[in-house]
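The values are calculated or read from the model by the stated rules, or taken from the named source; none is laboratory data. Worth saying up front: this structure is predicted, and the values here are computed from it rather than measured. Note: ideal-geometry Cβ built from the backbone for every residue, glycine included; neighbour counts use all protein chains shown. Side chains included, ligands, DNA and RNA excluded: accessible areas come from the protein's heavy atoms. Shrake-Rupley method; radii C 1.70, N 1.55, O 1.52, S 1.80 Å.
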Amino acid sequence: MRWWHSYRMRLRRKRYRLRAIVRRRDLQAVADRTRAIRRSDILVLTCLRNEAVRLPWFLRYYREMGVNHFLVVDNGSTDGGREMLAEEPDVSLWTTGASYRAARYGVDWLNGLAMRHGLGHWCLTVDPDELLVYPFCDTRPLRALTDWLDASGIKSFGAMLLDMYPKGPIGAQPYRPGQDPLEIAPWFDPGNYSIYRNPRYGNLWIQGGPRARVFFADEPWRAPALNKIPLVRWDRTTAYASSTHMLLPRGLNLVFDEWGGEKTSGLLLHTKFLHVFGTRAEEEARRGEHYRAGAEYRAYAEGGVASTDLWTPWSERYINWRQLEILGLMSKGNWA
Amino acid sequence: MTGSVQGRLRRASAAAGRTPAADGTVLGIVMLVHTAFDRAEQVIRFWARGGCPVVVHVDRVVPRRAHDAFVLRLRDLPGVSFSRRHRCEWGTWGIVAATLASCEAMLARHPEVGHVLLASGSCLPLRPVAELRAYLAERPGTDFIESATTADVPWTVGGLSEERFTLHFPFAWRRQRRLFDRWVAIQRRLGLRRAIPDGIVPHMGSQWWCLTRATLAAILTDPDRPRFDRYFRRVWIPDESYFQTLARRHTARIESRSLTLSKFDWQGKPHVFYDDHLPLLRRSDCFVARKIWPHAEGLYQAFLSETGHGLPREPNPSKIDRVFAKAVERRTRGRPGLWMQSRFPREGWGGPPTAGPYSVFEGFAELFEDWEEWLARATGARVHGHLFAPGRVEWEGRGPTFAGALPDNPRWRDHNAQMFLRNLVWNTRGERQCFQFGPRDSQLLSWDFAKDPNAQIAVISGAWIVPLFRDPPPDLRAEAARLQRIESDHLAALRSPHAKARIRIWTLAEFLENPAEALQSALDDMVPARAAATAPRPRLASLPRLADLTGLGAFLQGLKNAGMHPYLMGDLPPDPPQAGGAAPSAAAPPGRRPYLVR
């Protein structure tokens, strides 16, 4: 029955790509600078809503890494973020008031943009609160990594979400726009991750960290997934299946080695837990536009998130990628 | 256009005053370029500044426009000329043809050249030209070319070592992989073999060499060359064997090593150097390195302006070797016991499932009143309670979290018990973990313990009866039967042929006969077998306090009389091993008992 499974996956991939084309009609261009994209440019794709406070650092972080162009979908921001982004010279911006949920949590929109503008490019799909860390990221730009991946014939690069949190109540320290969020939230769980293999898509299903430990320990099956494959060389068959957790065709999900070796991998430092998170959780719980009708956000809101302290004496303070490599959260693999 | 540029260059180079180096050796550079022309130009200028004539070969797949622009940019350098262009596809004859054409041009245009160095556009000279020239002058008549017979080297990738020379390879590996593989299979099946021409013994080695004029001229003008060329045209990756083989035929003296530092990964792909390799490259004292990432601005800036210390130094790439060997090791074997987003071995692969040894004690905490404290004192290890207890994870000190921020929530633990244990052992690398286990605990890992070579398991079977005996629950019989069934299943796992742990099992009765000796052997097991001969073993300075078992025999008899058959304890005398109960701590001062005497 393998062929049957493969065939179904193929149909599914076609369906996702079709949806992406249809959902592209939701998008209204605010600033389309895609003609400035050159052939070898590295692109960042992101979908956001009311993230103005994070944007200055987000743009700066990825520009310094060597990203050439940002493709942004703004899902009805009301905090001035849209106006700000429209001014940026390397940002192409679309806006939509359509339902985030109906667009499969933004995946359809981003698939659609990547299909139109990302073909043949390395596309990094991240949220504004996700900061990519990869081996040697302090000395080598992102292009060094993508060149190496190209030379090795690798088309996708895995980077697990690493939830970062402050010491003390989440709401205690205010975050200023342009500030490095890791100054406030430098702590993470170094070794509390559950991994299963997903037989349908061939990817790993990873849970854990502070969210599983504090908010979902009694219902572990509902804890959010942390596996991500944010960096992909987009070709005419590629499609994200569910958020950036898994891709189709399934071969792109094999970002791990099955015979004992380590493949090269990075991490997405997830700076979700800043003081802005408290109000955000309440709002998203009300809107119910997120995965499982915002069940995750309801759990946070019920947990009184602003006063929650995620820190433990066993939490680790972030220093650099080498520390994360030694802890076994990411790997240099064969890249030296 | 190209022709006229080349002609001009050739004339210019012929006319330009040749500046023979002070030390008498002129080094000619043959450079193969196919991309990153700005970097190639920088390096060519470096060689030219150092007084080296350069013959450049540009791959024919490079568009005419790019090629001509490149030629024009270099027209101010009289010593630089271009050779006839060939198509250089990886693994095919084109690269050798290009090299041959360029070498012919070099020897014809530059009669003063004494050595020729073959380099690529992504090679970076690490030391001043003068130092390289001096090095060559000190070793006159020596050819630096890595050259070994196929029988002697394990480098080859893809399983084709000797067969490179005995099969036909008309297809390109990169473009026509399926045809390539099919054709190799057919030849193997039919037993087709090519004859190796007389007069040569196939050798192979690094593509990058430095040959003397004499050797190179002998190779180029060999009357048998058409025969050899015809043969090597269908050899696989001839650029790694053509010169390596023919140099053996003509050389006066071979140093079988390359002056170009070049490292390959496990797939036969060259490692790339970046800015952060600067100190490593500098200390290596190699003359040339490849491959350099074209955007490694720091490396180009640092090395192309290098003035050198003038001291004669022998190239020493061992440090770089180690770095890259480690990278290959990490990619192929990984860190044992690590399970993470990019290392998730299939069942049975990747070595033991945990990162280091740990100990599982079953029944000890039930039998001894101060077991955990005592064990921690006696061994210095980290001693937990029942990690798999149904109510909570009993971390040492009963804290809410432990190493790696593992919580004490039993549901989260049981959600993925395998990863829970792997995480625990990984997070505490370098410190031995001991924990209690028993039939009251979650049995998800019963088999995993048994199969894990890192586990050391000491079992007092039937000891779970002690808490029942001291505080009998209302459904005593059912509870005892349940626990006995669970432990019996667990013991079956420990006794199965799949068990790889260090396992010791006593029945309660056996253990009570001589607790001190049994304890000593359980502790001895904590020292790895390999180190056991030399390492100091933990010795029993005192014994833990045994629970009061007065009446246990009668209690068991009572269970039997009620119809439940408790057998895992062994045969306890109907009236209890009273002596055993009180004895160990009081009557067994350490060092006096025969088995403790040194």
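Okay, here's what the table says:
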quantity	calculated
Enumeration of residues in the range A:1-47 that are closer than 30 Å to A:Arg200 by Cα, open to solvent by 80 Å² or more (accessible area, probe 1.4 Å) and outside any helix (DSSP H, G or I)	A:Met1
Subset of the range B:290-308 (residues that are more than 26 Å from B:Gly268 (Cα to Cα) and either part of a helix (DSSP H, G or I) or hydrophobic (A, V, I, L, M, F, W, C) (or both))	B:Gly298, B:Gln301, B:Ala302, B:Phe303, B:Leu304
Residue check, A:Ala103 crowded, with 16+ Cβ neighbours inside 10 Å, in contact with a Lys or Arg (Cβ under 7 Å, 6 or more places away or on another chain) and of a type in the set (A, V, I, L, M, F, W, C)	yes
Members of the range A:119-148 that are within 14 Å of another protein chain (Cβ to nearest Cβ), closer than 22 Å to A:Leu226 by Cβ and either assigned to a helix (DSSP H, G or I) or open to solvent by 10 Å² or more (accessible area, probe 1.4 Å) (or both)	A:Cys137, A:Leu142, A:Leu145
Enumeration of residues in the range B:89-121 that are surrounded by fewer than 24 Cβ atoms within 10 Å (Cβ to Cβ) and part of a loop (DSSP other than H, G, I, E, B)	B:Glu89, B:Trp90, B:Gly91, B:Trp93, B:His110, B:Pro111, B:Glu112
Pair list, Cβ < 7 Å and 6+ apart or interchain, from the range B:371-387 residues that are open to solvent by 10 Å² or more (accessible area, probe 1.4 Å) to residues that are among the basic types (Lys, Arg)	B:Ala381/B:Arg432; B:Arg382/B:Arg432
Test: residue in the range B:417-426 that is within 11 Å of another protein chain (Cβ to nearest Cβ), within 28 Å of B:Ala481 (Cα to Cα) and not aromatic (Phe, Trp, Tyr)	yes
Hits in the range A:281-300 (condition: touching a helix residue (DSSP H, G or I) at 6+ places or on another chain (Cβ under 6 Å), open to solvent by less than 70 Å² (accessible area, probe 1.4 Å) and part of a helix (DSSP H, G or I))	A:Ala281, A:Glu284, A:Ala285, A:Gly294, A:Tyr297, A:Ala299, A:Tyr300
Any hit, the range A:107-118, residues being among the hydrophobic types (A, V, I, L, M, F, W, C), in contact with a strand residue (DSSP E or B) (Cβ under 8 Å, 6 or more places away or on another chain) and either free of Cβ contacts under 8 Å to residues at least 24 places away in the same chain or assigned to a strand (DSSP E or B) (or both)	no
Count - residues of the range B:63-88 that are among the aliphatic types (A, V, I, L, M) and either surrounded by fewer than 15 Cβ atoms within 10 Å (Cβ to Cβ) or touching a His at 6+ places or on another chain (Cβ under 7 Å) (or both)	3
Given (1) of a type in the set (Gly, Ala, Ser); (2) under 20 Å from B:Ser318 (Cβ atoms); (3) open to solvent by 30 Å² or more (accessible area, probe 1.4 Å), index of the condition B:Ala252 fails	(2)
Any hit, the range A:190-202, residues being buried (at least 19 other Cβ atoms within 10 Å of the Cβ), under 28 Å from A:Gly66 (Cβ atoms), more than 9 Å from chain B (Cβ to nearest Cβ) and not charged (D, E, K, R)	no
Residue list for the range A:153-172, filter: within 9 Å of another protein chain (Cβ to nearest Cβ), over 21 Å from A:Glu130 (Cα atoms) and surrounded by 16 or more Cβ atoms within 10 Å (Cβ to Cβ)	none
Out of A:Lys263, A:Lys228, A:Lys332, sole residue that is among the charged types (D, E, K, R) and open to solvent by less than 40 Å² (accessible area, probe 1.4 Å)	A:Lys228
In the range A:203-225, residue least open to solvent (accessible area, probe 1.4 Å) [restricted to those that are among the basic types (Lys, Arg) and within 11 Å of chain B (Cβ to nearest Cβ)]	A:Arg213
Count - residues of the range B:457-501 that are open to solvent by 80 Å² or more (accessible area, probe 1.4 Å), closer than 14 Å to B:Asp441 by Cα and not in a helix (DSSP H, G or I)	0
Subset of the range B:271-318 that is among the β-branched types (Val, Ile, Thr) and within 21 Å of A:Gly66 (Cα to Cα) - its residue that is nearest to the other protein chains (Cβ to nearest Cβ)	B:Val272
Selection from the range A:263-280 of residues that are touching a Gly at 6+ places or on another chain (Cβ under 9 Å) and modelled with pLDDT of 95 or more	A:Lys263, A:Thr264, A:Ser265, A:Gly266, A:His270
Filtered residues of the range B:10-62 (kept if within 19 Å of B:Arg84 (Cβ to Cβ), open to solvent by 60 Å² or more (accessible area, probe 1.4 Å) and either β-branched (Val, Ile, Thr) or modelled with pLDDT of 95 or more (or both))	B:Val61
Members of the range A:321-336 found to be in a loop (DSSP other than H, G, I, E, B), touching an Asp or Glu at 6+ places or on another chain (Cβ under 8 Å) and more than 7 Å from chain B (Cβ to nearest Cβ), listed by number	A:Leu327
Inter-residue pairs, beta-carbon under 8 Å, first more than 14 Å from every other protein chain (Cβ to nearest Cβ) and open to solvent by 10 Å² or more (accessible area, probe 1.4 Å) and in the range B:342-368, second assigned to a loop (DSSP other than H, G, I, E, B) and among the hydrophobic types (A, V, I, L, M, F, W, C), 6+ apart	B:Pro357/B:Met526; B:Glu366/B:Ala463; B:Glu366/B:Trp464; B:Glu366/B:Ala547
Scan of the range B:538-571 for residues that are outside any loop (DSSP other than H, G, I, E, B) and over 53 Å from the mean Cα position of the chain (by Cα), ordered by number	B:Leu552, B:Gly553, B:Ala554, B:Phe555, B:Leu556, B:Gln557, B:Gly558, B:Leu559, B:Lys560, B:Asn561
Residue ID - farthest from the other protein chains (Cβ to nearest Cβ), chosen from residues in the range A:173-183 that are open to solvent by 10 Å² or more (accessible area, probe 1.4 Å) and of a type outside the set (S, T, N, Q)	A:Pro177
Only one of B:Arg189, B:Arg182, B:Arg193 that is basic (Lys, Arg), in contact with a helix residue (DSSP H, G or I) (Cβ under 7 Å, 6 or more places away or on another chain) and open to solvent by 60 Å² or more (accessible area, probe 1.4 Å)	B:Arg193
Hey, A:Gly303 more than 7 Å from chain B (Cβ to nearest Cβ), at positive phi and either modelled with pLDDT under 95 or surrounded by fewer than 22 Cβ atoms within 10 Å (Cβ to Cβ) (or both) or not	no
